[in-house]
């Protein structure tokens, strides 16, 4: 596996790991979903601005011309994350997770169709088993009395939440897809613009949601800053690096690792129960997320061994 792929895979795992902490932070913040999402974008934009300023590279923000892909990737990032957090408050967690994780599938299909990215058998296998693993973890696939049931439900009471969750999935997929464009732009510059336009998207949503922060205490604000630094600046910056160095389908297979991290946090910190099916789902995600790297490493070793034999 070449250096670029290694960086991409490590960044993707890092991004998914930090994203898995969203629920941990959000449970400590008494605020609407878009207020929480605003922290992630605001901290990201602010910290990257000061990083570029400290490195004497603030002029790079004007050096690289903005393109529609850069603008809309940020807008979709802000809109999808805000919609997702709002959806978790209006529908079941299982439905919200299912819909947002349709996003990586959407980005993969778009990349195959429009960017002509290859779709190897190993990647097809990987994304298939991690998607099934995600369904098992969130409880959408269950085994009852020797049979299998698919547990997604729709009703009038949660319809608005389900539609928000669907919108978050589409937005997530478009964000990942558009991240494959403009490979000439450095990661820190691209990240700043992603966060900047994501802020604009969330501010537009504020016009409709009309959130309030009057109920937030000092503790809420501390956790609000924490989620911004960890799940905003940290996670989404790594996500930008990953989408730049990996094919859409490669990033998609690893992104489901977030579900495993969130489940581990639920067990360890919140003492939530874990069923046998969720354990199996976690194992499937781990296997699917790592098998492409493992196969790549084995192939590299075999190729090196073949070269050494020929030289000898």
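Annotations for the structure displayed:
- If the segment from residue 218 to residue 71 were pulled out straight at 0.36 nm per residue, it would be longer than the present Cα-Cα gap by 49.5 nm.
- Modelled this way, with points 7 Å down the Cα-to-C-beta line, the labels at residue 290 and residue 160 are 4.4 nm from one another.
- In the stretch 156-312, inverting the average of 1/r over every pair of distinct C-alpha atoms gives 19.5 Å as the Kirkwood radius.
- Gap separating the Cα centres of the stretch 5-57 and the stretch 177-241, nearest whole Å: 6 Å
- The length gained by stretching the chain between residue 60 and residue 283 to full extension, at 0.36 nm per residue less their Cα-Cα distance, is 76.0 nm.
- The separation of the stretch 259-297 from the stretch 75-129, counted between C-alpha centres, amounts to 18 Å.
- When the Cα atoms of the stretch 167-229 are aligned to their principal axes, the ranges along those axes come out at 43, 25, 18 Å in descending order.
- Packing, as the average of other Cβ atoms within 10 Å across residues, places the peptides 267-275, 56-64, 13-21 in the order 13-21, 56-64, 267-275, highest first.
- When only Cα pairs below 8 angstrom with a gap of at least 6 residues are kept, the stretch 3-311 shows a relative contact order of 41 percent.
- Each principal axis of the Cα cloud of the chain was taken in turn, and the coordinate range along them, longest first, works out to 74, 64, 36 Å.
- Bins of 5 Å, starting at 0 and running to the largest distance - Cα pair percent for the stretch 214-297: 3, 12, 15, 18, 18, 15, 11, 6, 2, 1, 0
- Estimated inter-spin distance, residue 109 and residue 298, nm [label 7 Å along Cα→Cβ]: 3.1 nm
- Cα-derived Rg over Rh, computed across the stretch 1-56 with Rh taken as Kirkwood radius: 1.11
- Order by protection proxy (mean Cβ within 10 Å, highest first), peptides 103-109, 253-259: 253-259, 103-109
- Ordering of 68-77, 206-215 by burial proxy (mean other Cβ atoms within 10 Å per residue, highest first): 68-77, 206-215
Taken together, the values in this text are just the output of simple stated rules run on the coordinates, not laboratory data. The structure displayed is predicted, hence computed values, not measured ones. Using ideal geometry, Cβ is built from the backbone for each residue, glycine included, and neighbour counts are taken over all protein chains shown.
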